[in-house]
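**Student:** I have a structure here, written as structure tokens, and I will follow up with some questions on it.
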Amino acid sequence: MSIPVLRFAPSPTGALHLGSALSALLAHDAAGRLGGRFLLRIEDTDTTRCRPEYETAILDELAWLGLTWEQPVRRQSDHFADYRSAAARLAELGLLYPCTCSRTQIAATVAALDTPDRPWPRDPDGTPLYPGTCRPRDPADVDPERVEDGAQALRLDMARAVERAGPLAWTEYGDAFYAPGFDICGSGARIPADPAAWGDIVLCRKETPTSYHLSVVCDDALQGVTHVTRGRDLYEATAIHRLLQKLLGLPEPAYAHHRLLTGADGRKLSKTGRDTGIGSLREDGATPADIRRMVGLAAGDAAG
């Protein structure tokens, strides 16, 4: 069996908090126990919200927590060409179409179609599906240059993509993956994937030649990631990632979606809460061992 390759991939749009620290610690510890490799990737494609000072702080706080990772660190903003190439392959298959709709226009169209008798469908995150306004446009009009000048986004024609890919599933280990004594040779559960539930997703955003979904599958393949470790909030999105992997001929990793930490209001922790920020807790005197206890990990869980 090949050496397990795991990663932690923060987005530098805010401070590292307890929830993201849990994800990093779980992946790092699991890599150590399994004799695998641990990678760090900076997902900074959102050039309007990502800031160098956040990245610097994240790297410093991860090191303070005791994490080590291979060099160099991959920064997505340095690899837009990889994502353009992947989008071009999908365009050649006739699976992308240009979309010039604004969020306001989409919301207005959905509002007109959404009735008590026939509620407009929503994706697994609760967002109304794109109504298909631009779907009749010719896929031959796809122009990556117009994406980067902000004129259009590129959407995946989900019906065509699903038809081409056929039935999909992924291997899921869940929280069991992070437990001491986990047998990596054991079989995980095969989960049927339903990417159609997401509708015609944007794969290349206006002004950016990629999206989270496109860049993450490209990077996991390019970095040889064998086990994708991340929070339960991304569980349903795995259907999209399996679809893109199949369409692009990329390898299929296994997945382990872990428990989430929530605040007093029951919501997932955000990057804006000072009381859960690693930097703030550190300034208030917390130690790395304290952080482990706060996220529900015993000191003995750490890899030796």
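Since every read-out is calculated from the coordinates, none of them should be taken as a lab result. Just so you know, these numbers come straight off a predicted model, no measurement behind them. We place every Cβ from the backbone using ideal geometry, glycine too, and count neighbours over all the protein chains shown.
**Student:** Cysteines without a disulfide-compatible partner in the chain, using Cβ under 4.7 Å as the rule?
**Tutor:** So far as the 4.7 Å Cβ criterion goes, Cys50, Cys101, Cys185, Cys204, Cys218 stand without a partner in the chain.
**Student:** Within the chain, which is the longest segment that contains none of the GluC sites (Glu not before Pro) sitting in a DSSP loop with at most 14 other Cβ atoms within 10 Å? Don't skip to the end; give the middle numbers.
**Tutor:** Details: sites that count: Glu70, Glu207.
Answer - 71-206.
**Student:** Using the per-residue mean of other Cβ atoms lying within 10 Å as a proxy for protection, in what order, highest first, do the peptides 74-82, 240-248 fall? Don't skip to the end; give the middle numbers.
**Tutor:** Details: 74-82: 15.9, 240-248: 22.2.
Answer by packing, highest mean first, reads 240-248, 74-82.
**Student:** Where does the chain land at 222 nm, in deg cm²/dmol rounded to the nearest 500, when only DSSP H runs of n ≥ 4 count, each adding -39500 (n - 2.57), divided by all residues?
**Tutor:** On the way: 10 runs with 101 residues, N = 304.
Helices in the chain give a 222 nm mean residue ellipticity of -10000 deg cm²/dmol.
**Student:** Per residue of the range 78-90, what does 6.51 cos²θ - 1.76 cosθ + 1.60 with θ = phi - 60° give for ³J(HN,Hα)? Whole Hz please, x for Gly and Pro, Karplus curve as stated.
**Tutor:** Per residue, the Karplus-derived 3J(HN,Hα) values read 8, 10, 4, 4, 4, 6, 4, 5, 5, 4, 5, 5, 5 Hz.
**Student:** Which percent, nearest 5, of DSSP beta bridges in the chain are antiparallel? Don't skip to the end; give the middle numbers.
**Tutor:** On the way: 13 of 25 bridges.
Roughly 50 percent of the beta bridges in the chain run antiparallel, per DSSP.
**Student:** Skipping prolines and chain starts, which residues have an amide H placed within reach, meaning under 5 Å, of the one on His17, given they are 5 or more residues away or on another chain?
**Tutor:** For His17, the qualifying residues are Ile278.
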